[in-house]
Amino acid sequence: MFYDNDSYLEPFKRELVARYRSAILRREEIAGYGKPLKNALNNHLYYGLHLENGVWAFREWAPNAQAIYVTGDFNGWRRDEAWRMKSLGGGNWELLVPEEALQPGNLYKWIVEWRDANGAICSAERLPAYATRTVQNPETKLFAAEVQEPKSYRWRHRLKRRVEHPLIYEAHIGMSSEEETVANFTWFRKNILPHIAELGYNTLQIMALQEHPYYGSFGYQVSNFFALSSRFGTPAEFKALVDEAHRLGIAVIMDIVHSHAARNEAEGISNLDGSGRLYFHTGKRGDHQAWGTKCFNYGLDETLYFLLSNCKFWMEEYHLDGFRFDGVTSMLYLDHGLGRAFTSYKDYFSENTDIDAITYLTLANMLIHEINPNAITIAEDMSGMPGLAAPVEEGGVGFNFRMSMGIPDHWIKWIKERPDERWDMGEIWYTLTDKRADEQTISYAECHDQALVGDKTIIFRLMDAKMYTSMNCASQDPVVERGIALHKMIRLVTLATSGGGYLTFMGNEFGHPEWIDFPREGNNWSYFYARRQWSLSTNPFLRYKGLMEFDKAMISLFDKSNYLAEPPISIFNDIEKQIMVFRRGDALFLFNFSPVNSYTDYTVNVSGWQKRGARSLQEPAFEIVLDSDWKEFGGFERNSRDLLHRATMNAYGFSLSLYLPARTAFIMAVK
């Protein structure tokens, strides 16, 4: 088991075993002993609206309801007895109508009646919990469910490779255009997917796919968990996007939000049957004090079936290759991890831990990998709970990766608080490589979080106002030169020291100059900052093009190589000279972070280094395969790219004598 290799977990073995047993027992309760879990999780095929043998079936689970009516444009939006659901017992409701009673495009809702604490009848419009399509009226801003054409999409492509080391391009469909508008799936498929493929990213992570009433929530306050956000287009258009990504060899994963739900009652599930506890905790525990949202009760059977069926639905309906689970820290702890530093293992094993949530996440990983053994699951957890990204069969929760969430904070700290000459290579190396050996991680210098209004991207921290005046190629502004050099180096060292995968946010590959601010009252509902200025990256007169060319070369090299298959091994960190040298697989990585000092005849020991498959020890020769200083990347090309560097023998073995220009990094491979 994973905890056998960590002596610090010895006092907590009993609890870890109990967590594992809880998940296994829950699995057997749901699936039956020895039976597939995926066969037992089909709530989405029963509830909601389905055409079954020439009959439309409306179904809902609402145990507190006294009555439910179906109302829509097909019956004048009236409370009509002919459209009243029948109680089936157990909180289940159903209405069957002939196929000709509905047409694709019809809009509908529930009218739900219940009794309040005083016995009075209450009534309100609600959307089905399992609605797979909801649309917003542009004038009233109200949402309604929409009847879908009962016709399946013809899939043409499947992902042909297993993505062992995800190189993730994080994207938001709506803000993917340069126009001040909400972009759609077709725009993204035609214009952004080719760009991602050309850069070399092998995984696309899409935000905000689940329907959410407030556009500015970045999709993290979900109202309709089974509905694809209609802002961005139709289900068929999204399927075409996924299909094309698979043709290009790109895996598609989505941000899935199972950590909380929007409080919206008219649009969401927070108070569907008037009880306020349908899928959620009651009282204070049911309200997320920091986010203003509702907290799921993962101990309820109905919540488990709802959320697990949701995972299956997105995988099978849209052929997704996995998920990045949002807000996992909030799920793991009763206090949501708020204000906790997590400096002790005891923080992971206490009465503050939500065992029901851990059981749910374990079941979700079991299910996802049962449906698709090659699926990718990523946990967004800042607490560092041991075992979260360890296999279930090893006693873990089963995620393939966890996000290395502390790394961006450290880059901000180093840039913001320390002059360049005080950057400590030992500290940087330790921070970038401080990961559990039994888990894989996704490293990143910045994601969408660092681009939001009120924060600054790395490029903006490095250059600030100079980005508006000195990014032309004729400029030799020292602030811009520093920013361009460090932007490349920070990305390369973050990727090269990663625990198995890497992520960047859309536009950051070329140092997008401005933040993200969605339309809101405070900015007069402007879309100016809710877009990406792609034209900057192709303008031959601006420095952004060089940054994008570097990102393309870096990502393509890592995608084609096998560097990430082996852990990084430090050769040395020269604190005084600010040089970092390490090995990963057959590649040698060299970084000179000194802002002013270049070093000639710098000796690097390469003893015992030989190309794989070589029969005997011989003088190794190296070639530079990537150099941040190449001219096409906005550098000065101070090292010849064609020079073959041969090691020489000395008293300590083989060594290289190299020229390390200031603020440059390069990768050398055995020739």
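The values are calculated or read from the model by the stated rules, or taken from the named source; none is laboratory data. All values derive from a computational prediction rather than experimental measurement. Every residue, glycine as well, gets a Cβ built from its backbone with ideal geometry; the counts of neighbours run over all protein chains shown. Remember, those area values only see protein heavy atoms, side chains included, never the ligands or the DNA or RNA. Shrake-Rupley method; radii C 1.70, N 1.55, O 1.52, S 1.80 Å.
A straight line joining the Cα centroids of the stretch 427-491 and the stretch 123-154 runs 41 Å. In degrees between 0 and 90, to the nearest 10, how far off the longest principal axis of the chain does helix 406-417 point, with axes built from Cα atoms? Tilt of helix 406-417: around 60 degrees.
Computing log10 I(q)/I(0) by the Debye sum over Cα atoms at q = 0.06, 0.09, 0.12 Å⁻¹ for the structure here picks out one of [x] -0.47, -0.88, -1.29; [y] -0.38, -0.81, -1.33; [z] -0.32, -0.74, -1.32, namely [y].
Packing-wise, with mean Cβ within 10 Å as the measure, how do 21-29, 340-348 rank, highest first?
21-29, 340-348
Straight-line reach from Lys631: taking Cα to Cα under 26 Å and skipping same-chain neighbours fewer than 8 places apart, the lysines in range are Lys466, Lys488, Lys545, Lys552, Lys560, Lys577, Lys671. Accessible surface comparison of Tyr153, Tyr130, probe 1.4 Å, protein chains only, largest first: the order is Tyr153, Tyr130.
Shown are Leu656, Leu96, whose ranking by accessible area with a 1.4 Å probe and every protein chain present, most to least, is Leu96, Leu656. What dipole magnitude, in Debye to the nearest 20, does the chain give about its Cα centre under +1 on Lys/Arg Cβ and -1 on Asp/Glu Cβ? Once rounded to the nearest 20, the dipole reads 980 debye. Rounded to the nearest 20 debye, the dipole size of the stretch 108-159 about its Cα centre is 520 debye, using +1 on the Cβ of Lys and Arg and -1 on the Cβ of Asp and Glu.
Accessible surface ranking for Trp525, Trp291, 1.4 angstrom probe, highest first: Trp525, Trp291.
Packing around the peptides 569-577, 193-201, taken as the average count of other Cβ atoms within 10 Å per residue, puts them in this order, highest first: 193-201, 569-577. Straight-line cross-link partners of Lys294 among the lysines, defined as a Cα under 28 Å from its Cα and at least 8 positions apart when in the same chain: Lys38, Lys109, Lys141, Lys284, Lys312, Lys346. Roughly how tilted is helix 13-31, in degrees to the nearest 10 and between 0 and 90, from the longest Cα axis of the chain? With both axes taken from Cα atoms, the answer is about 50 degrees.
Distance from the C-alpha centroid of the stretch 155-196 to that of the stretch 626-660: 37 Å, rounded to the whole angstrom. If you wrap the stretch 179-236 in the convex hull of its Cα atoms and look at it from every side, the mean projected area works out to 4.7 nm². For Met331, the accessible surface of its heavy atoms amounts to roughly 0 Å² (probe 1.4 Å, protein chains only, rounded to the nearest 10). Shown in residue order for the stretch 552-566 are the 3J(HN,Hα) couplings computed by the Karplus curve 6.51 cos²θ - 1.76 cosθ + 1.60 at θ = phi - 60°: 4, 5, 5, 5, 4, 5, 5, 5, 8, 8, 10, 4, 7, 6, 10 Hz (x for Gly and Pro).
Taken as Cα centroids, the stretch 251-291 and the stretch 548-588 sit 43 Å apart, rounded to the nearest whole angstrom. Projecting the Cα atoms of Ala662, His319, Leu96 onto the charge dipole of the chain (Cβ charges, centred on the Cα centre) puts Ala662 farthest toward the positive pole.
For the chain, the longest principal axis of the C-alpha atoms and the axis of helix 235-247 are separated by about 30°.
Think of the chain as having a plus end and a minus end, set by charges on the Cβ of Lys, Arg, Asp and Glu; of Val596, Gly48, Ser470, Val596 sits farthest toward the positive end of this dipole. Taking θ as phi - 60° and the Karplus parameters 6.51, -1.76 and 1.60, the scalar couplings of the stretch 474-486 work out to 6, 6, 10, 5, x, 5, 5, 4, 4, x, 5, 4, 6 Hz in sequence order, x denoting glycine and proline. Think of the chain as having a plus end and a minus end, set by charges on the Cβ of Lys, Arg, Asp and Glu; of Phe558, Leu142, Tyr220, Phe558 sits farthest toward the positive end of this dipole. At a probe radius of 1.4 angstrom, the accessible area of the chain per residue rounds to 40 square angstrom.
Ordering of 310-317, 203-210, 509-516 by packing is 203-210, 509-516, 310-317, highest average first (other Cβ atoms within 10 Å, averaged per residue). With the contact rule set at Cα under 8 Å and sequence spacing of 6 or more, what percent relative contact order holds for the stretch 159-247? Computed value for the stretch 159-247: 31 percent relative contact order. Mean separation of Cα pairs under 8 Å and 6 or more residues apart, divided by the residue count, gives the chain a relative contact order of 11 percent.
Normalising the average separation of contacting C-alpha pairs (under 8 angstrom, six or more residues apart) by the number of residues puts the relative contact order of the stretch 41-166 at 23 percent.
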